[in-house]
1. I want to check the label-to-label distance for ASP123 and SER9. Put each point 7 Å from Cα in the C-beta direction and report it in nm to one decimal.
2. DSSP loop (so not H, G, I, E, B), at most 11 other Cβ within 10 Å: list which GluC sites (Glu not before Pro) in the range 72-153 pass both filters.
3. Taking only protein heavy atoms and a 1.4 Å probe, what accessible area per residue, in Å², does the range 107-153 have with all protein chains in place?
4. At most 14 other Cβ atoms within 10 Å and a DSSP loop assignment: could you name the trypsin sites (Lys or Arg not before Pro) in the range 71-153 that fit?
Amino acid sequence: MTQTRYMSSKIRMMMRAAGLAALVAIVMAGCRKWSHNGDLDGQWQVMQVTYSGVPVDFPEGERFYYDFYLNTFQLGFTDMRPTWLRGNFVYDESRLALDFPYIKEGRLSAEWTERLVYWGVPDSGEMDMHIRTLDGKTLVMEYDDVVITCRKF
């Protein structure tokens, strides 16, 4: 009788531990945010921007980046320090719409306003682009007469 009671107590403790472990696993999985943008998510270095077929000359030693994650993006450049401009985007496999609240609200510094050309960003603060190429290594976006070519960084 004592041995049976001991076994049943041990089984209950194991069931509680298993239930607690399952609960922790469910909570941990629910807190993690998963990418829903496929190959688009990540950091992309701008390799070339062309306006009507004419390439933009980048300043010596500076690199420019698009950084996509979930529904937000950042534009970045380096010139001794990293600097970022943030916004929101909508992506649907062949189309990418970018929205720049700081540009639309007129809250950009002169330094940023002068540099928008290096990402192919218009003064309007909105871009509705067609994705010409997107794989794990290359991203080519276009709108109007602008073509932006990037490599995965």
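1. The modelled label-to-label distance comes out at 8.1 nm.
2. On the way: sites: GLU93, GLU105, GLU111, GLU114, GLU126, GLU142; in loops: GLU93, GLU105.
Filter output for the range 72-153: GLU93, GLU105.
3. Values: 2470 Å² over 47 residues.
Result: 53 Å² per residue.
4. ARG107, LYS137
The values are calculated or read from the model by the stated rules, or taken from the named source; none is laboratory data. In this text, all values refer to a predicted model and were calculated from it rather than measured experimentally. We place every Cβ from the backbone using ideal geometry, glycine too, and count neighbours over all the protein chains shown. Ligands, DNA and RNA are stripped out before the accessible areas are found, and what is left, the full protein with its side chains, is counted by its heavy atoms. Shrake-Rupley method; radii C 1.70, N 1.55, O 1.52, S 1.80 Å.
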